[in-house]
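Before any comments, here is the structure.
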Amino acid sequence: MCGIVGAAARREVAAILVEGLKRLEYRGYDSAGVAIINHQGEIGCHKRLGKVAVLDQAVTEQPLAGSLGIAHTRWATHGKPSEENAHPHLSNNEIALVHNGIIENHEQLREQLTAQGYVFVSQTDTETIVHLIHSIMKKGEDLFSAVKLAVEQLEGAFGLAVIHKNEPERIVCARSGSPLVLGLGIGENFLASDQLALRQVTDRFIYLEEGDFAVLSPDSYDIYDAQGEPVKRKLVQLTDKTKSADKGQYRHYMLKEIYEQPEVIKDTLRGRISKDKILEQAFGAQAKEIFDKTKAVQIIACGTSYHSGMVAKYLIEGIAGVPCRVEVASEFRYRKFVVQDDTLIVTISQSGETADTLAALRLAKTLGYAATMTICNVAQSSLVRESDLALMTEAGPEVGVASTKAFTTQLVALVLLTIALGKRNGLSAEKEAEMVSSLHQLPQILSEVLTLDQSIEKMSEAFADKHNALFLGRGVQWPVAMEGALKLKEISYIHAESYPAGELKHGPLALVDSEMPIVAVAPNDELLEKLKSNLEEVQARGGELFVFADNNSGFSSGDGITVIKLAPVPELIAPIVYTIPLQLLSYHVAVLKGTDVDQPRNLAKSVTVE
Ligand code: G6P
């Protein structure tokens, strides 16, 4: 996590750096800082606790002049959020450094450097790097060689950028485990953790690869591989088809992103389905060969993306008849497991940079899996670059930390994968046509579900003073309930749990009383009657029910039960459709509670540390 921006220009860079940080705030937002070499060759630095807006204010009140600088927005790992722990970190007012990632051997380095007389002012692992570089430069190395030598001593993950007051035209940066991209301008060059930060200044980008170093000046950029050999990396010119990351008429990004779902799902389907078939070439040139030999699927993901994997398990086993396991990446990467023959690894990720998912993919590639595929929202991300196949979700930039449109577009991509695998396993042309027809209907159905917004807002009032909530579903709706509970806890801070409704009597029923609202998703599927019996058990114990149910499900509002009805939908797309009301419910509860909806406390959008 954490976001880095750097600029080497011939004009003032403070405003560019702060604007870049604002666009990176999704990566962390507990403190921020900027360091610029001024026209007298001194490093000027401001750091502030809190969001980038606070730093912006400081830079407005006490401007930092200069045309070369680095900046950072932080998500605390080592040391609490504070001004001292905020980046940039300085050594002897000569070097300033920003870092994203974790240095695992920082304690040992701290001891060594303290013995050499360095005084630490923060609790961060990062401060060790800047003093280490300083100690190497004292022996006569220039900034670039010192960074290279320092990096050799670092264990862990990092994306970093460094400046030295005696080299006022250079920024040195290095990437190992955390993303870094160079942005190229005319007479100015930039770097950032994500191209989003630099879209206001350029549309030409170079993505550094693992182990790469780069030296930027206003007029040049040089890239070196891990061995220090000069290398060329591909230049990518981005067109402006990327959707805008503005809030528009909406009060929060999250609400805007919920409302964008019909449109971005249309975009995700475009070019991937015909009237009655999936267009398999959209999965990539190797797709046919890989799918032909796939006998099992292993899904790996984190957070919301893990929940879409859980939905996929029901689809891939239930419809395609292919064995499918799903595991959170942080567990997968540290346990021993049996690799089934001809298994396709599928990673799912909005950002494509989640540290655990990426590490799990890299591990899987060494273990004899047949092939790798990612379902991802960021085309230039590490997961896309390192997987054999990539199926892009076309959700556009998702700014709200709580994922919404990324989740539903992932589900669409997973339906496409299900059909592709199913066709190799006896799924008939008629069935394929029926499923594709459901997908064609999906955007319109979602637009209709969004019209329930006001009734859901009304319903949310019942949650605002509660401390706990239970989310129930059965079958493929269980992961939908899981995602509903995650949304509520992330943004409203209400403790929410989800259960497959059949498990109620094995424990959670003991929690049920009038203080515990119970949310259920109840499409008209083969498990409806079973779900109804489970919900009766809740009502009999005084629990208050909030049910999102199919028009024909036989539920109606009454004493202790509020029902919001949805039109009947094809079973295949029901998980996507029933997700929407749960997103809206969490959103409205959070607004009522007055929390920071788009940037909930302690969380970050892109988790690039373990
Ligand atoms: C963080 C985000 C979640 C996201 C998860 C996985 O926790 O706050 O919204 O689901 O990371 O991220 P990914 O980018 O891999 O989908």
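The values are calculated or read from the model by the stated rules, or taken from the named source; none is laboratory data. Please read all numbers here as calculations on a predicted model, not as lab measurements. Here the Cβ positions follow ideal geometry from the backbone for every residue, glycine too, while neighbour counts run over all protein chains shown.
Odds and ends about this structure:
- Counting the residues of the range 96-134 that are more than 29 Å from the chain's Cα centre (by Cα) and buried (at least 17 other Cβ atoms within 10 Å of the Cβ) gives 8.
- Residue in the range 359-370 that is under 25 Å from P575 (Cα atoms) and over 17 Å from the mean Cα position of the chain (by Cα) present: no
- Among the residues listed as Y250, Y259, the single one being crowded, with 16+ Cβ neighbours inside 10 Å and on the phi < 0 side of the Ramachandran plot: Y259
- Scanning the range 364-381 for residues that are of a type in the set (A, V, I, L, M), within 16 Å of the ligand (Cβ to nearest atom) and under 14 Å from I300 (Cβ atoms) returns A364, M373, I375.
- When the range 428-466 is filtered for residues that are in contact with a His (Cβ under 7 Å, 6 or more places away or on another chain) and under 25 Å from E536 (Cβ atoms), the ones remaining, listed by number, are I456, S460.
- Test for V449: is it in contact (Cβ under 8 Å) with a residue 40 or more places away in the chain and closer than 26 Å to R199 by Cα: no
- Just so you know, in the range 553-610 the residues that are small (G, A, S) and within 16 Å of the ligand (Cβ to nearest atom) include one that is modelled with the lowest pLDDT, and it is S606.
- Any hit, the range 495-511, residues being aromatic (F, W, Y) and within 16 Å of the ligand (Cβ to nearest atom): no
- Qualifying positions in the range 382-396 - away from the ligand (no atom under 13 Å from the Cβ) and part of a helix (DSSP H, G or I): R385, E386
- Any hit, the range 397-407, residues being within 13 Å of the ligand (Cβ to nearest atom), among the hydroxyl-bearing types (S, T, Y) and outside any strand (DSSP E or B): yes
- Boolean, L416 is modelled with pLDDT of 95 or more and away from the ligand (no atom under 15 Å from the Cβ): yes
Listed here are the residues, each with its yes/no results for (1) in contact with a Phe, Trp or Tyr (Cβ under 9 Å, 6 or more places away or on another chain); (2) modelled with pLDDT of 95 or more.
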| site | (1), (2) |
| --- | --- |
| S135 | yes, yes |
| V151 | yes, yes |
| G156 | no, no |
| S176 | yes, no |
| L184 | yes, yes |
| I206 | yes, yes |
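- Residue in the range 309-317 that is more than 15 Å from the ligand (Cβ to nearest atom) and in a loop (DSSP other than H, G, I, E, B) present: no
- Residue match in the range 268-280 (condition: among the hydrophobic types (A, V, I, L, M, F, W, C) and within 16 Å of the ligand (Cβ to nearest atom)): no
- Scanning the range 156-184 for residues that are surrounded by fewer than 24 Cβ atoms within 10 Å (Cβ to Cβ) and assigned to a loop (DSSP other than H, G, I, E, B) returns K165, N166, E167, P168, E169, R170.
- In the range 4-20, residue surrounded by the most Cβ atoms within 10 Å (Cβ to Cβ) [restricted to those that are among the hydrophobic types (A, V, I, L, M, F, W, C) and assigned to a helix (DSSP H, G or I)]: L17
- Search result, residues across the range 323-356 that are outside any strand (DSSP E or B) and away from the ligand (no atom under 15 Å from the Cβ): P323, Y334, R335, K336, F337, V338, V339, Q340, D341, D342
- Those residues of the range 448-492 which are hydroxyl-bearing (S, T, Y) and either under 28 Å from S533 (Cβ atoms) or assigned to a helix (DSSP H, G or I) (or both), in sequence order: S455, S460, S492
- Of all the listed residues (V328, V311, V338, V346), the sole one being touching a residue at least 12 places away in the same chain (Cβ under 8 Å) and more than 29 Å from F158 (Cβ to Cβ) is V311.
- Every residue from the range 498-513 that is under 12 Å from N468 (Cβ atoms) and surrounded by fewer than 18 Cβ atoms within 10 Å (Cβ to Cβ): L511, D513
- Of residues in the range 289-307 being within 21 Å of I419 (Cβ to Cβ) and among the hydroxyl-bearing types (S, T, Y), the one nearest to the ligand (Cβ to nearest atom): S305
- Those residues of the range 531-552 which are part of a loop (DSSP other than H, G, I, E, B) and surrounded by 21 or more Cβ atoms within 10 Å (Cβ to Cβ), in sequence order: G543
- Listed conditions (1) crowded, with 22+ Cβ neighbours inside 10 Å; (2) without any contact (Cβ under 8 Å) to a residue 24 or more places away in the chain are all met by D225, apart from (1).
- Elements of type strands (runs of 3 or more DSSP E) in the range 36-121, at least 3 residues being of a type in the set (A, V, I, L, M): 68-74, 95-103
- Among the residues making up the range 538-552, those that are at pLDDT below 95 and charged (D, E, K, R) are R541, E544.
- Scanning the range 264-298 for residues that are at pLDDT 95 or above and touching a Lys or Arg at 6+ places or on another chain (Cβ under 7 Å) turns up V264, F291, D292, Q298.
- Of all residues in the range 385-400, those that are surrounded by 20 or more Cβ atoms within 10 Å (Cβ to Cβ) and either over 22 Å from P443 (Cβ atoms) or touching a Pro at 6+ places or on another chain (Cβ under 6 Å) (or both) total 3.
- For the range 462-491, a tally of residues being small (G, A, S) and within 15 Å of the ligand (Cβ to nearest atom) returns 2.
- Within the range 378-395, residues that are under 14 Å from L180 (Cα atoms) and touching a residue at least 40 places away in the same chain (Cβ under 8 Å) have Cβ atoms under 6 Å from residues that are more than 14 Å from the ligand (Cβ to nearest atom) and assigned to a strand (DSSP E or B) in these pairs: Q380/Y207, counting only partners at least 6 apart in sequence or on another chain.
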